[in-house]
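Heads up: the structure comes next, in structure tokens.
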Amino acid sequence: MSDLLVKLALAGIVFFGVLNLAGLHTWLERKQSAILQDRIGANRASILGFRVMGLFHPLADAVKMFTKEDIVPAGADRVLHTLAPFFSVFFALAAFAAIPFGDRLIWGDRVIELQVANIDVALLYVFAMLSLGVYGVILAGFASRNNYALLGGLRATAQMISYEIALGIAIIGVVMVYGTMDLQQIVRGQGHNFGGWLPGWGIVVQPVAFFVFVTAALAETKRIPFDLPEGESEIIGYFVEYSGMKFGMFFLTDFLETIMVACLATTLFFGGWQVPYLLPDGFHFPWGQSVSVSHLTYVVLGVSSFSTKVLVFCWLFMQIRWTLPRFRYDQLMRLGWLGLFPIAVANVLLTALVLAFFDKGSSWR
Amino acid sequence: MAVKVLRRRELSFWEKLYLPAILAGLKITSAHLFRNLFLHAAHAAGVLRHHRAAATFQYPEEPRPLEPRFRSRHRLTVREEGTPRCVGCMLCETVCPARCITIVAGEHPDPNVEKYPIRFDIDLGVCVYCGYCVEVCPEDAIRMDTGILDIAAYSRDEMKLDIHELMDPGLRKPLGECKLRFPHECRLAGGQLTGDWDEVYK
């Protein structure tokens with residue numbers, strides 16, 4: 001019973017954090033784009049005269065979304081049309097269950113893994129959830145009874161499936177190096193240092209996989225420079241026929257996927273909750289100094305390390321989104337199939353060779 | 001005719017990688033972001049205010065600076081004793097390409113001054129802000145230097161300015177009634193308008 005409560009509390013914390021971060025992304029998107037383009041950005045929504053840098057705009061958005069008329073086009077499939085946004089949000093949210101956001105917390109005689117679901121094949125689970133997200137998109141295009149929406153849905157599906165292959169193969173390199181699909185174990189495996197000072201994070205052992213992963217994962221999020229499925233300003237996307245909160249859910253899904261990609265990049269390539277030189281009993285600096293920290297401090301440092309890295313990635317993805325122009329569709333397919341896919345395969349082969357010939361009994365497994 | 005074939009330069013391997021170009025782009029946008037963030041933070045702390053952090057002017061609170069030659073809403077200049085400089089010569093009405101000026105000239109009480117505009121109306125809904133009326137005026141009686149830009153109204157009638165508003169740019173519709181013999185006296189009466197144009201004209 002109390003186990004269940006602990007799990008519920010963990011799920012609550014994760015969903016609270018993730019959903020709020022997704023809401024804040026609307027603010028971040030407006031403000032960051034404005035400031036990097038020498039503008040000011042949304043700052044007019046006020047409560048009792050307080051504006052707080054436009055932070056009330058997400059609230060105003062939510063009120064607007066919920067009070068808007070919800071239109072189902074005549075002749076559209078009512079059930080599927082309603083189901084599609086729920087599919088999108090559900091699978092995007094469910095994927096977060098497998099992300100470890102901290103080391104195990106020992107509370108009295110209870111050991112709590114800071115991860116909603118300790119799945120042995122967490123990586124497969126996350127990828128399954130991300131792949132299932134495609135169904136929301138194709139259903140939205142299919143159920144709208146709008147040919148343009150259908151075409152948008154097809155574009156999105158083709159893009160997501162193409163890039164999932166590069167994404168999956170890029171990950172294989174990491175899985176080979178750490179020898180596990182358990183994300184918590186992968187993060188633990190990144191706790192060793194090379195030569196005593198270089199943190200053994202995934203980016204150090206698998207730099208090529210990192211670039212392939214981030215590129216393919218950005219394509220999965222369907223945002224600029226890979227926003228051909230929706231193409232806000234020019235082309236008609238799969239959710240043209242959605243209004244109100246159903247549209248809001250697709251909007252939210254984009255941000256949730258961005259956060260998901262940030263979490264995955266952190267977990268797989270940037271040491272997850274690892275803090276450089278911090279072991280469970282304290283800091284061990286390469287110059288020989290040691291600072292011991294209490295267990296609670298250690299866990300809090302880990303969680304904040306994870307959050308900081310995720311936020312930095314969110315910032316980076318937002319920056320990329322507002323820096324690059326959109327790909328053309330043939331360029332997109334060419335990049336996916338002729339660029340990322342061979343590179344990822346070559347990376348896997350190279351990793352396999354290195355592991356087979358030079359890495360007898362590796363130290364970081 | 002000889003055909004000249006233009007070939008696009010082949011991209012080098014370094015350029016085909018995309019990554020260097022992407023990083024260069026990120027460098028530019030990040031430089032803007034952090035510079036502006038720093039300036040915003042400095043403004044919040046009350047320093048470096050003369051460096052703008054954004055090109056935006058927060059319009060109603062922060063009016064945009066106008067160039068000295070900027071043509072804004074018209075005004076009629078006045079003499080020291082308060083009568084309008086306009087002598088009712090009709091040059092501006094004649095030159096106006098939009099025909100938005102209506103002048104009715106009358107006898108001036110001062111015999112040294114020939115005429116006097118009993119009525120001087122400008123229809124801003126028609127005006128094209130070309131500034132010819134200012135250029136043509138021999139008496140420097142009309143200028144477009146009030147700096148008033150927020151000209152908006154709910155009806156065409158409200159877009160018509162009469163001599164009261166032209167002589168005193170501070171006045172705003174609705175105006176009271178004016179029954180004074182000489183319109184400029186309204187202005188001398190401290191904005192207490194009691195009178196009627198059409199009566200004076202008759």
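Quick note: the coordinates plus some simple rules give every number you see, no bench work behind them. Note that this is a predicted model, so its numbers are computed, not measured. Every residue, glycine as well, gets a Cβ built from its backbone with ideal geometry; the counts of neighbours run over all protein chains shown.
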Q: Rank the residues B:His74, B:His40 as a footprinting-exposure proxy: fewest other Cβ atoms within 10 Å of their Cβ go first.
A: B:His40, B:His74
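Under a point-charge model restricted to the Cβ atoms of Lys and Arg (+1) and Asp and Glu (-1), what is the dipole moment magnitude of segment B:1-103 relative to its Cα centre, in debye to the nearest 20?
Details: 17 positive and 8 negative charges, 109 e Å.
In total the dipole reaches around 520 debye.
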Q: Would you kindly state how much longer the chain becomes between B:Ala44 and B:Leu66 on full extension, computed as 0.36 nm times their sequence separation minus their alpha carbon distance, in nm to one decimal?
A: 5.3 nm
Q) When B:Lys16, A:Lys31, B:Lys115 are ordered from fewest to most other Cβ atoms inside 10 Å of their Cβ, what list results? A) B:Lys16, B:Lys115, A:Lys31
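In the structure displayed, which of A:Lys222/A:Lys246; A:Lys68/A:Lys222; A:Lys31/B:Lys27; A:Lys64/A:Lys246 lie more than 20 Å apart, Cα to Cα? If you can, show how the numbers build up before the last one.
Values: A:Lys222/A:Lys246 17 Å; A:Lys68/A:Lys222 25 Å; A:Lys31/B:Lys27 18 Å; A:Lys64/A:Lys246 12 Å.
In this structure, A:Lys68/A:Lys222 exceed 20 Å between Cα atoms.
So, by mean Cβ neighbours within 10 angstrom, what's the order for A:11-22, A:239-250, A:47-58 with the highest one leading?
Working: A:11-22: 15.7, A:239-250: 20.3, A:47-58: 13.4.
Put in order of decreasing packing, that is A:239-250, A:11-22, A:47-58.
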Q: For a label point 7 Å from the Cα of B:Tyr129 along Cα→C-beta, name the residues of segment B:151-165 whose backbone N is under 18 Å from it.
A: B:151-154, B:159-161
Q) With point charges of +1 on the Cβ of Lys and Arg and -1 on the Cβ of Asp and Glu, referenced to the Cα centre of chain A, which listed residue (A:Ala170, A:His25, A:Phe86) lies farthest in the positive direction of the dipole? A) A:His25
Q | Positive-end extreme of charge dipole, the protein assembly as shown - chosen from A:Gly153, B:Pro117, A:Ser294 (charges on Cβ) | A | A:Ser294
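Is there a quick way to get the dipole size of chain A? I mean about its Cα centre, with the Cβ of Lys and Arg at +1 and of Asp and Glu at -1; what is the value in debye to the nearest 20?
Details: 24 positive and 24 negative charges, 104 e Å.
The calculated dipole for chain A is roughly 500 debye.
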Q: Can you tell me which of B:50-56, A:183-189 comes out highest on packing, and rank the rest after it, using the mean Cβ neighbours within 10 Å?
A: A:183-189, B:50-56
Q) Is the shape of the protein assembly as shown rounded, prolate or oblate, going by the alpha carbon gyration tensor and its root eigenvalues a ≥ b ≥ c, with a/c under 1.5 for rounded and a/b larger than b/c for prolate? A) prolate
Q.
For chain A, what does the helix formula give at 222 nm: sum of -39500 (n - 2.57) over DSSP H segments with n ≥ 4, over the residue count, nearest 500 deg cm²/dmol?
A. -20500 deg cm²/dmol
Q) By count of other Cβ within 10 Å, fewest leading, how are B:Glu135, A:Glu257, A:Glu164 ordered? A) B:Glu135, A:Glu164, A:Glu257
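Cβ neighbours within 10 Å, averaged per peptide: list A:208-215, B:7-14, A:282-289, B:122-129 in order, most packed at the top. Each step should come with its number before you reach the end.
Details: A:208-215: 22.9, B:7-14: 7.1, A:282-289: 11.6, B:122-129: 17.0.
Sorting A:208-215, B:7-14, A:282-289, B:122-129 by mean packing, highest first, produces A:208-215, B:122-129, A:282-289, B:7-14.
State to the nearest 20 debye the size of the charge dipole of segment B:75-169 about its Cα centre, where the only charges are +1 on K and R beta carbons and -1 on D and E beta carbons.
Details: 9 positive and 18 negative charges, 52 e Å.
It comes to approximately 240 debye.
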Q: Assuming R0 = 22 Å, can you tell me the calculated FRET efficiency for the pair A:Leu80 and A:Tyr329, based on Cβ-Cβ distance, to the nearest 0.05?
A: 0.30
Q.
Just checking the output field for B:27-37: average partner chain Cβ neighbours within 10 Å of each residue's Cβ?
A. 5
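Taking each residue of A:28-37 in turn, how many C-beta atoms of other protein chains fall within 10 Å of its C-beta, and what is the average?
Numbers: counts 0, 0, 0, 2, 3, 2, 4, 11, 10, 7.
Across the residues of A:28-37, the mean count of other-chain Cβ atoms within 10 Å is 4.
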